[in-house]
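Presented below is the structure to which this report refers.
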Amino acid sequence: MTTEASTRRSAPKQTLHSSESSASRSRGWAYAAALAYALIIGFSFLFVKITVAVALPLDVLAHRFLLSVLVMAIPVSLGWIRVSIRLADLKRILPLALLSPVLFFSFQIFGLLHASSAEAGIIQATVPIFTMLLAAYFLKERTRLMQKLSLLLSVSGVVLIFALQGGAGWSADHLGGMLLLMGSALSFAGYGVLARPLTRMYNPLELTWVTMIVAAVLFNIAAGVMHLVQGDMSGYIKPLAQPDYWMSLLYLGVLSSLGTTLLSSYALSILKATQMSVFSNFATITSMIAGAVILHEQLRYYHVIGALLIIVGVLGTNWNRQRRQTKPTS
């Protein structure tokens, strides 16, 4: 009798331990997905700069998302990936698709016409700032004093870059490019907040499939109209004859568009929006190094200082949040 009673008492503990272990593994995979997302995004700025030197920005967007849909259509048509989306589901997911990929990548590619990949990476680091503000407003998440101070530190990094850039060839076009990149960061922050509840209703593959199709349709229609107005429909196809363009397009279409959407959707199904967004700072470091080493872009001292301020501030906001959540209860 004593042995049976002991077994019954230990069973719930074993179940609890197993549940905690499973949750820990899930979070580990979510962090890995978030890190992979950030690294891919960091290099994507480099490949965008390469493609826009060959093709028009709208053509690049049309090609990369058409390629994404074609690649994902293979496992979907073969039944390896099951997607069950109704009209009502499409209406729910459409705003998400408009934020990212449509607005996010549109602002990004046009912004990179007048800004460097290093600057794009630094501005990408403001995503957690916007995410925290949007989460506070829409999700009613509260922030502590240290989080607010850390937020101000991150903002000061962006202000520093904007202010000191004036002494290094500041122009209206450059300002426009920086503002477009800021719009890209804001769009992805909105995507992170909106995607959080949707990941509880749909699996990452379904969200990825719908958002890729929406982006492919909109960008290809826009590119077609543009070439029709210009009277040069062959311009849509000409860049595809260049091998270097195809190499960059494969990275952007498969990894940067399809891969990052899938990775971010999976990570957001487990992590909170603010926890996911902090990983965008790895993209800052990656893009700065890639731009300086591969594209030979000039990396000035204020880029480094501004990036450090942004990263330290963002880490401070998330460190406080984690500390509060992991504090033992009595």
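Structural remarks
- From the list ARG92, ARG142, the one residue that fits, being open to solvent by 40 Å² or more (accessible area, probe 1.4 Å) and assigned to a loop (DSSP other than H, G, I, E, B), is ARG142.
- Checked against (1) among the polar types (S, T, N, Q); (2) open to solvent by 20 Å² or more (accessible area, probe 1.4 Å); (3) under 27 Å from ILE289 (Cβ atoms); (4) at pLDDT below 80, SER116 passes all but condition (4).
- Here ALA118 meets each of (1) in contact (Cβ under 8 Å) with a residue 12 or more places away in the chain; (2) within 17 Å of PRO204 (Cβ to Cβ) with one exception, condition (2).
- So LEU56, is it under 23 Å from the mean Cα position of the chain (by Cα), open to solvent by 50 Å² or more (accessible area, probe 1.4 Å), under 17 Å from ILE109 (Cα atoms) and not polar (S, T, N, Q): yes
- Taking the listed residues LEU198, LEU186, the one that is open to solvent by 60 Å² or more (accessible area, probe 1.4 Å) and either aliphatic (A, V, I, L, M) or in contact (Cβ under 8 Å) with a residue 60 or more places away in the chain (or both) is LEU186, with no other qualifying.
- Screening the candidates ILE40, ILE74 for the property of being β-branched (Val, Ile, Thr), at pLDDT 90 or above and over 23 Å from the mean Cα position of the chain (by Cα) yields one hit, ILE74.
- Residue that is aromatic (Phe, Trp, Tyr), under 16 Å from the mean Cα position of the chain (by Cα) and at pLDDT 90 or above, where the choices are TYR191, TYR245: TYR191
- Out of GLN108, GLN124, GLN147, sole residue that is at pLDDT below 75 and not small (Gly, Ala, Ser): GLN147
- Residues of the range 219-249 classified as out of contact with any helix residue (DSSP H, G or I) (no Cβ under 6 Å at 6 or more places or on another chain) and not small (Gly, Ala, Ser), total: 14
- Only one entry of VAL225, VAL229, VAL210, VAL217 meets the criterion of being open to solvent by less than 40 Å² (accessible area, probe 1.4 Å) and over 19 Å from ILE40 (Cβ atoms), and that entry is VAL210.
The values are calculated or read from the model by the stated rules, or taken from the named source; none is laboratory data. What you are looking at is a predicted structure, and each value in this text was computed from that prediction instead of being measured. Counting neighbours? That spans all protein chains shown, and the Cβs are built from the backbone with ideal geometry, glycine included. All accessible areas refer to the heavy atoms of the entire protein, side chains included, with ligands and DNA or RNA removed. Shrake-Rupley method; radii C 1.70, N 1.55, O 1.52, S 1.80 Å.
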